[in-house]
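Take a look at the structure below.
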Amino acid sequence: MTVATDRKRITLKEFLSYDDGTDTQYELEDGILVEMGTESTGNTSIGMFLISIFLVMGIPYYRLATKHKIEVRGSYANARYPDLMVHSEESFTAIDGRKEACVELTDPSPILVIEVVSPGTESTKNYKRDYQWKPREYADREIAEFWQIDTERSWVKVGTLVSGSYQFATFQGNEPIVSPTFPELKLTAAIVLARGKRN
């Protein structure tokens, strides 16, 4: 992920209508466009696999989103672009029919956000964004559950919102993933991570 263009600050409204003529995806950090980089086939495969699981579990298709943004609080305009979002009925109803699919601060929040984290050591901006900033931002939005899928470290972390912050459980190998929001889920970390590789 790299900071884009001339670092001119823009509003959320400008961000949602921004088009530089490319297929580049951006997040918005304090009004600055941040390029998300090219999505790997492994990451998209994990996302599509999880969508198929949620569909089998009976989650309506319209509540599963890979291209929806979410506004988060900050000193200026901020918006994230999660890999997968599971809407509540209320959050989907709030954005239904909008030209740009963005859950704004005044809207009800989704019930689950999933991020396939970017590679990087603890000193990199990618790591800080995925492991420090996003958990705070999503907790502030009162999203009940937040997953971090890390193919580099071979784990799935499931964060449960407790008293305004996430308490994370880490799942590796053949450990069953425990999801408080979806207790009927029958997945292991190994199964999820394997979907990011060609078998």
Return the residue satisfying two criteria in turn: it lies in region 138-183 and is β-branched (Val, Ile, Thr) and touching a helix residue (DSSP H, G or I) at 6+ places or on another chain (Cβ under 7 Å), and of such residues it is surrounded by the most Cβ atoms within 10 Å (Cβ to Cβ). 156
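Is there a residue in region 112-119 that is open to solvent by 60 Å² or more (accessible area, probe 1.4 Å), small (Gly, Ala, Ser) and modelled with pLDDT under 95? I'd like the intermediate steps shown before the answer.
Step one: filter region 112-119 for residues open to solvent by 60 Å² or more (accessible area, probe 1.4 Å), giving 119.
Okay, now just the ones that are also small (Gly, Ala, Ser), so none.
No: zero hits.
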Suppose we filter 182, 92, 146, 171 for residues that are in contact (Cβ under 8 Å) with a residue 12 or more places away in the chain and under 25 Å from residue 18 (Cβ atoms); which single one remains? 92
Scan region 18-50 residue by residue and report those that are assigned to a helix (DSSP H, G or I) and either at pLDDT 90 or above or open to solvent by 50 Å² or more (accessible area, probe 1.4 Å) (or both). 41, 44, 45, 46, 47, 48, 49, 50
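Across region 134-158, which residue is farthest from residue 197 (Cα to Cα) among those that are in a helix (DSSP H, G or I) and within 12 Å of the chain's Cα centre (by Cα)?
First, the residues of region 134-158 that are in a helix (DSSP H, G or I): 134-140.
With within 12 Å of the chain's Cα centre (by Cα) added as a condition, the list becomes 134-135, 137-138.
On the way: 134: 25, 135: 26, 137: 30, 138: 28 Å.
Per the stated criteria, the residue is 137.
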For region 96-117, does any single residue satisfy the condition of being touching a strand residue (DSSP E or B) at 6+ places or on another chain (Cβ under 6 Å), more than 24 Å from residue 18 (Cα to Cα) and without any contact (Cβ under 8 Å) to a residue 40 or more places away in the chain? yes
What number of residues within region 123-137 are within 17 Å of residue 73 (Cβ to Cβ) and either open to solvent by 10 Å² or more (accessible area, probe 1.4 Å) or modelled with pLDDT of 95 or more (or both)? 6
Assigned to a loop (DSSP other than H, G, I, E, B) and over 25 Å from residue 42 (Cβ atoms): is that true of residue 98 in this structure? yes
Residues of region 184-199 satisfying the condition of being surrounded by fewer than 12 Cβ atoms within 10 Å (Cβ to Cβ) and either under 28 Å from residue 140 (Cα atoms) or among the aliphatic types (A, V, I, L, M) (or both): 184
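Tell me which residues, restricted to region 51-100, are in contact with a Pro (Cβ under 7 Å, 6 or more places away or on another chain) and buried (at least 16 other Cβ atoms within 10 Å of the Cβ). Don't jump to the end; show me each part of the working.
Our first condition is that a residue be in contact with a Pro (Cβ under 7 Å, 6 or more places away or on another chain); within region 51-100, this holds for 70, 85-88, 90-91, 94.
70, 85, 86, 87, 88, 91, 94 - these are the residues of region 51-100 that are in contact with a Pro (Cβ under 7 Å, 6 or more places away or on another chain) and buried (at least 16 other Cβ atoms within 10 Å of the Cβ).
Looking at region 147-186 only, could you name the residues that are among the polar types (S, T, N, Q) and closer than 24 Å to residue 44 by Cβ?
148, 151, 154, 170, 172, 179, 181
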Subset of region 70-101 [among the aromatic types (Phe, Trp, Tyr) and at pLDDT below 95]: 76, 81
Give just the number: which of (1) buried (at least 21 other Cβ atoms within 10 Å of the Cβ); (2) not in a helix (DSSP H, G or I) does residue 108 not satisfy? (1)
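The values are calculated or read from the model by the stated rules, or taken from the named source; none is laboratory data. From a predicted model like this one, the values you see are computed outputs, not experimental measurements. Counting neighbours? That spans all protein chains shown, and the Cβs are built from the backbone with ideal geometry, glycine included. Just the protein is used for accessible areas: all its heavy atoms, side chains included, with ligands, DNA and RNA removed. Shrake-Rupley method; radii C 1.70, N 1.55, O 1.52, S 1.80 Å.
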